[in-house]
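Novice: First the structure, which I've put down as structure tokens, then a few questions once you've had a look.
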Amino acid sequence: MNVLFFLTPKQDVAYLYSDCTLRQALEKMEYHRYSCIPLIDREGVYVGTVTEGDLLWEIKRRLPLEPDSFDTIPLNSLPRRVDYHPVCVTTTIEDLLGTSLNQNFVPVVDDRGVFIGIVTRKRIMQYCFDRMQETGQCAAEPH
């Protein structure tokens, strides 16, 4: 099975550039209601992920902090606790499944490291559930 079968393409994914500001990250994450979002550089290369916790701890570290100063803090200056590990577009479904166990989504990159989209854990779980139903190993319907 090809990873592209599961892919949500970059054009349909909310992401941030690594030189965006803290305010831009807060606004985009609030708008989409995401707790984690991919970071790419201006050339499209996957850099990592930023989480709500990363933003919160940076705000706490800088207290007292005026909200107007959020526009002056670039994301690439923030320490990030965890980066979601990307997979290459040529990875196996087994590796994709293994990576998704600890991440809500799996960033997918091409052979140059350029971000091309994500695979959500929900999409992988739905695929596995469907295969189990086909083989009679599961009779329940997903919620």
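Novice: Give the residues of region 52-93 whose amide nitrogen is closer than 14 Å to a point set 7 Å from the Cα of LEU26 in the direction of its Cβ.
Specialist: 52-75, by backbone N distance to the label point.
Novice: On to the next question. Take the alpha carbon atoms of the chain, find their radius of gyration, then divide it by 2.2 N^0.38 Å using N residues; give the quotient.
Specialist: 1.20
Novice: Suppose each label sits 7 Å from its Cα in the direction of the beta carbon; what would the ARG33-GLU134 distance come out to in nanometres?
Specialist: With each label point 7 Å from Cα toward Cβ, the separation is 3.2 nm.
Novice: Counting other beta carbons within 10 Å of each Cβ, put THR99, THR92 in order, fewest first.
Specialist: THR92, THR99
Novice: Within region 96-131, list the trypsin sites (Lys or Arg not before Pro) lying in a DSSP loop whose Cβ has at most 11 other Cβ atoms in a 10 Å radius.
Specialist: Passing both the DSSP loop test and the Cβ count: ARG112.
Novice: A follow-up question, please. In Å and from the alpha-carbon atoms only, list the Rg and Dmax of region 1-68.
Specialist: Rg, Dmax (Cα atoms, Å): 14.1, 51.
Novice: Can you pull out the GluC sites (Glu not before Pro) in region 1-74 that DSSP calls coil and that have at most 13 other Cβ atoms within 10 Å? Before the final figure, lay out the partial values.
Specialist: Working: sites: GLU27, GLU30, GLU43, GLU52, GLU58; in loops: GLU43.
Listed in order of number, the matching sites are GLU43.
Novice: Hey, fewest Cβ within 10 Å first, where do SER35, SER69 land in order? Intermediate results must be reported in sequence, preceding the final value.
Specialist: Numbers: SER35 10, SER69 13.
If I rank by nearby Cβ atoms, fewest first, I get SER35, SER69.
Novice: Sorting ASP111, ASP71 on the 10 Å Cβ count, fewest up front, what's the list?
Specialist: Ranking ASP111, ASP71 by Cβ neighbours within 10 Å, fewest first, gives ASP111, ASP71.
Novice: Run the dipole for the chain about the Cα centre, Lys and Arg Cβ at +1, Asp and Glu Cβ at -1, nothing else charged, and hand back the magnitude in debye, nearest 20.
Specialist: Taking the Cα centre of the chain as origin, the dipole is about 220 debye.
Novice: While we're looking at this one, here's another question. Over the Cα atoms of region 58-140, what is the Rg over Rh ratio if Rh follows Kirkwood?
Specialist: A ratio of 1.19.
Where a number appears in this text, it was derived from the coordinates with a stated rule and is not lab data. As the structure is a prediction and not an experimental result, all values here were calculated from the model. Ideal geometry is used to build each Cβ from the backbone, glycine not excepted, and the neighbour counts take in all protein chains shown.
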